[in-house]
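Participant: Would you mind keeping the following structure in view while I ask a few things?
The values are calculated or read from the model by the stated rules, or taken from the named source; none is laboratory data. Note that the structure is a prediction, hence the values are computed from the model and not measured. We place every Cβ from the backbone using ideal geometry, glycine too, and count neighbours over all the protein chains shown. Surface accessibility is based on the protein's heavy atoms, side chains included, excluding ligands, DNA and RNA. Shrake-Rupley method; radii C 1.70, N 1.55, O 1.52, S 1.80 Å.
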Amino acid sequence: DLGRVAEKRGDDAEAERLYLAALTGDVKRDGDVHLALGNFYQRLGNREKAIRHWRQALEGDLASDQHLVTAQRLSDMLREAGRPVAMVKSVLMTAIGRHPHAREAQILRSRLEALAEPKRANGANPLA
C-alpha cells in the first residue's frame, strides 16, 4: 500500500523502492505486489518488467477476477511485444483452467478462440 501512496503522489522512484521492498520471496503471498509492480511498470512504459511481474503475479494467490484480468493484460502485452502466439495461448489457457466458471473466463475464451481463427480475407486478424 505504501508503494501505491508514493505512486499517487508522483514519486516513482520511491514507489518502486517500496514495491520491491514489499516482496517476501514467497510466490503465493507476493501475487498482489507483483500485480502492482506490473501495473506500475506498464504505466512507465517498461514492457519487459511489466510482463515479468504480471507472470509472477499469476503464480500467486490472486482473487479469481484479479487473476483473469491480469492474464488478459499479460496476453495483450505479449502480443504487443510480438511474442509467439503459443505463449499468449498458454497464458489464457492456464487462467481459464484455474477459474473455469468465473464470468471473466468467458472473455478469455473468446480471445483464445480468436487466436485460433485464420486471418480474414482482407488479411486482418480479428484481435488486431
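Participant: What does the charge dipole of the chain about its Cα centre add up to, to the nearest 20 debye, if the Cβ of each Lys and Arg holds +1 and the Cβ of each Asp and Glu holds -1? Show your work: numbers first, answer last.
Facilitator: Details: 21 positive and 18 negative charges, 104 e Å.
Dipole magnitude for the chain comes out near 500 debye.
Participant: When only Cα pairs under 8 Å and 6 or more residues apart are kept, what is the percent relative contact order across the chain? Display every interim value, and only then the final one.
Facilitator: Numbers: 135 pairs, mean separation 19.4, N = 128.
Relative CO of the chain lands at 15 percent.
Participant: What's the longest bit of the chain with no exposed trypsin sites (Lys or Arg not before Pro), using DSSP loop states and at most 13 other Cβ atoms within 10 Å as the test?
Facilitator: Values: sites that count: ARG9, LYS28, ARG29, LYS119, ARG120.
Looking at the chain, 30-118 is the longest stretch - no exposed trypsin sites (Lys or Arg not before Pro) with at most 13 other Cβ atoms within 10 Å.
Participant: Once you wrap a convex hull around the alpha carbon atoms of the range 34-92, what is its projected area averaged over all directions, in nm²? Numbers along the way, then the final one.
Facilitator: Numbers: hull surface 13.8 nm².
If you wrap the Cα atoms of the range 34-92 in a convex hull and average its projections, you get 3.5 nm².
Participant: Can you tell which of ASN46, GLY3, LEU23 lies farthest toward the positive end of the dipole of the chain, using +1 and -1 charges on the Cβ of basic and acidic side chains (Lys, Arg; Asp, Glu)?
Facilitator: With unit charges placed on the Cβ atoms, the residue in question is ASN46.
Participant: If I model the chain as equal point scatterers sitting on the Cα atoms and use the Debye formula, what is log10 I(q)/I(0) at q = 0.14, 0.18, 0.21 Å⁻¹?
Facilitator: The Cα Debye sum returns log10 ratios of -0.64, -0.95, -1.17.
Participant: Where in the range 1-22 does the label zone of ASP32 land, with the point 7 angstrom along Cα→C-beta and an amide N cut-off under 20 Å?
Facilitator: 1-9, 15-22, by backbone N distance to the label point.
Participant: When the label point is put 7 Å from the Cα of ALA116 along its Cα-to-beta-carbon vector, which residues of the range 66-91 have a backbone N closer than 19 Å?
Facilitator: Hits in the range 66-91 for ALA116 at 19 Å: 72, 75-76, 84-91.
Participant: Using 7 Å Cα-to-Cβ label points, what is the GLN106/ARG17 separation (nm, one decimal)?
Facilitator: Modelled inter-label distance: 4.7 nm.
Participant: For the chain, which whole-number percentage of the solvent-accessible area (1.4 Å probe, protein heavy atoms only) is attributable to carbon and sulfur atoms?
Facilitator: Numbers: 3730 of 7410 Å².
So the carbon and sulfur contribution to the accessible surface is 50 percent.
Participant: So with the 1.4 Å probe, I'd like the accessible area per residue for the chain, rounded to whole Å². If you can, show how the numbers build up before the last one.
Facilitator: Working: 7410 Å² over 128 residues.
Counting only protein heavy atoms, the per-residue value for the chain is 58 Å².
Participant: How big is the convex hull of the Cα atoms of the range 67-118, per residue, in Å³?
Facilitator: Values: hull volume 3.2 nm³, N = 52.
It comes to 61 Å³ per residue, whole-number rounded.
Participant: Full-extension gain between GLU80 and ARG43, please, as 0.36 nm times their residue separation minus the C-alpha to C-alpha distance.
Facilitator: Details: separation 37, 0.36 × 37 = 13.32 nm, distance 1.48 nm.
Full extension from GLU80 to ARG43 adds 11.8 nm.
Participant: Also: Summing Lys, Arg as +1 and Asp, Glu as -1, what charge do residues with Cβ under 9 Å from the Cβ of ALA50 carry, ALA50 excluded?
Facilitator: Values: positive: ARG43, ARG47, LYS49, ARG52, ARG73; negative: GLU48.
Summing Lys/Arg as +1 and Asp/Glu as -1 gives +4.
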